[in-house]
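Please read the structure below before turning to the comments.
Each value in this text was obtained by applying a stated rule to the coordinates, not by laboratory testing. Keep in mind that this is a model prediction, so the values were computed, not measured. Quick reminder, even Gly has a Cβ in these numbers, built from the backbone with ideal geometry, and neighbours come from all protein chains shown.
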Protein chains: 2
Amino acid sequence: MANNKRIAFFISDGTGITAGSLGGLLSHFPETTFEHIRIPFTDTLSKIDDAQKRIANSKMINGLRPVVIMSIGNKDHRSELKEVDAYYIDLFDIFIEPLGKELKEDPLTRPGVSHSIDGLNYGNRMEAINFALGHDDGMTHTGLNQAQVILIGVSRCGKTPTSIYLAMQFGIKAANYPLIPEDFERGTLPPILDGYLDKIFGLTIKPERLHSLRSERRPDSLYASLSNCREEIGLAEELMKRLRIPNTDSTSRSVEELSAIIIQKIKG
Amino acid sequence: MANNKRIAFFISDGTGITAGSLGGLLSHFPETTFEHIRIPFTDTLSKIDDAQKRIANSKMINGLRPVVIMSIGNKDHRSELKEVDAYYIDLFDIFIEPLGKELKEDPLTRPGVSHSIDGLNYGNRMEAINFALGHDDGMTHTGLNQAQVILIGVSRCGKTPTSIYLAMQFGIKAANYPLIPEDFERGTLPPILDGYLDKIFGLTIKPERLHSLRSERRPDSLYASLSNCREEIGLAEELMKRLRIPNTDSTSRSVEELSAIIIQKIKG
């Protein structure tokens, strides 16, 4: 088994978000430990020189050549940067320029094209974040008709971060409502959700995990006790089953995974 | 000038987040209008077949071949998918497998490696989101010593979405405090921030933009009036200048751009 440590640079003339998001792909190599270094706004020759020095220096210290994932529009800057020894993954070389040939269009090369306020559905995303924050944890009942999805589940099962991720990443307006003991006694959803059944998606969770999450917030409480967690989850799952509410288990899923599942459901 | 419309598929055996994040690169081609279609969890031959049908169908309807950005670990699935005519950008082909040669390590090929709960600093990111939500808009004073950055600025200048983005994307704990008329009368920061000057970063904004944002929330109010916006911003900028608080203008910057600027500042 290899036992490697590598420095991974993410160098961009803009925010570095696109280059950085490829960092996730490095997790395909679990035997290598990566130290991530981001260098955004590298848009002048003097900043290119600074980046070169950091690359050369890290190679000297680490022994192995660094991995450099780069998104830089200016061709001269690009070739200047690559003068120093490293393993380069140049998004313009491998992605943008070949795609331009297919599209028969020359790519824009100025910095900051990918994550400007003009692109990527920006206004909708900010509106959706305001919506998610205003409709977190059942805090308001107005405007639910604008929700694209309403997440339900017991307290601390992951509704809030999932709602925010859906908004931030996709501009999807997500409200969320907690299922509480009163709902289980009544055996129905919170009455305010009447008429929205087709937008509702449930999150559930394993009792042991919920116990641990709730114990962080209120240690040694009845609320956090394993027996109470088990009972609430059982009742919530029974309710969702009876009302045929689509749902998924958040225990070992990231907000990225939960969001992808929810989007498939609401679009399908 | 070309006038093209293309379908862009993002096909993945996992969440499709990594493939989808490359969607930002398509904004380098402003003359082409892209319709984005995400197909996550494509991890069986029958789902590959479904995806193929959608690709073939969209080519028939649109006339031009679709762009397919794909992240699929299974080699057989990959070559099966590519049997249908399209412009393929295969992240394993152009990125992961060549990198594996450099690292002398075979990549993991099972689905969902990049965005699982085990990777990408997941626990820290969730903790940071809870922190940002709990320290939004000066709502609590406890735990400020844990903040890595404290954003200040007048109401509606972009502090909340920026705090949440810093948390969600980078696991950075960001609190935020509004600057309000009482602060300007006193001529100092909110007293609770004493001792945290080195963590403070200011956001400012153009009066016309603030007027428009505030008018959405409270139309025709004194709060939203252009003259009031101009005055508050002037006083806030004066305060930041006097206290030498680093700051940036949020008017035409996305949360991605603001976050990248803030990170450079707090790490520099």
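Could you grab the Rg to Rh ratio for chain B? Cα atoms only, Kirkwood for Rh. Taking Rg over the Kirkwood Rh, I get 1.10.
Against chain A, whose longest principal axis is taken from its Cα atoms, helix A:207-217 shows a tilt of about 80°.
Estimated from the Cβ-Cβ distance and a Förster radius of 30 angstrom, the FRET efficiency linking residue A:62 and residue B:93 is about 0.60.
Charges were assigned to the Cβ only: +1 to each Lys and Arg, -1 to each Asp and Glu. The resulting dipole of segment A:1-70 about its Cα centre is roughly 200 debye.
Counting Cβ atoms of other protein chains within 10 Å of each Cβ in B:250-262 and taking the mean gives 6.
Take residue A:101, move 7 Å from Cα toward the beta carbon, and the resulting point lies 1.8 nm from the same point in each other copy, nearest first.
When the Cα atoms of segment A:80-138 are aligned to their principal axes, the ranges along those axes come out at 55, 32, 17 Å in descending order. Restricting the calculation to Cα atoms, the protein assembly as shown shows an Rg/Rh of 0.97 when the hydrodynamic-style radius is the Kirkwood one.
Measuring r between the beta carbons of residue B:35 and residue A:245 and using R0 = 45 Å, the FRET efficiency lands at 0.90. Counting only other chain Cβ atoms within 10 Å of each residue's Cβ, the peptide B:101-107 averages 6.
Rounded to the nearest Å, what's the spacing between the alpha carbon centres of segment B:109-157 and segment B:192-257? Just the number, please. Going from one Cα centre to the other spans 22 Å. Calculation over all alpha carbon pairs of segment A:220-266 in 5 angstrom steps from 0 returns a P(r) of 5, 18, 19, 19, 22, 12, 5, 1 percent.
Restricting the calculation to Cα atoms, every distinct pair contributes to the Kirkwood radius of segment B:4-103, found to be 13.7 Å. With label points set 7 Å from Cα along Cα→Cβ, the inter-copy distances at residue A:249 are 5.3 nm, sorted shortest first.
When you filter the GluC sites (Glu not before Pro) in segment B:212-268 for DSSP loop state and at most 10 other Cβ atoms inside 10 Å of their Cβ, nothing is left. Within straight cross-link reach of residue B:75, meaning Cα distance under 22 Å, which lysines are found once same-chain residues fewer than 8 apart are removed? Cα-Cα hits under 22 Å: B:47, B:53, B:101, B:104.
Size descriptors for segment A:133-260: radius of gyration and Dmax over Cα atoms are 13.9, 39 Å. Chain B versus the axis that turns it onto chain A: the residue with the nearest Cβ and the distance in whole Å amount to B:21, 2. Placing dummy labels 7 Å off each Cα toward the beta-carbon, the span from residue A:85 to residue A:145 is 6.8 nm. Shielding of peptide B:93-99 by partners, expressed as the average count of other chain Cβ atoms within 10 Å per residue Cβ, is 5.
Using Cβ point charges alone (K and R +1, D and E -1), the dipole size of chain A about the Cα centre works out to roughly 320 debye. Sorted shortest first, the separations between the residue B:217 label point and its copies elsewhere in the assembly read 2.5 nm; each point sits 7 Å from Cα along the Cα-to-Cβ line. Taking the Cα centre of the protein assembly as shown as reference, the dipole from Cβ charges on Lys and Arg (+1) and Asp and Glu (-1) amounts to some 20 debye. Looking at segment A:67-145, which trypsin sites (Lys or Arg not before Pro) are in a loop (DSSP not H, G, I, E or B) and have at most 14 other Cβ atoms within 10 Å? Counting only loop positions with at most 14 other Cβ atoms within 10 Å, the trypsin sites (Lys or Arg not before Pro) in segment A:67-145 are A:104.
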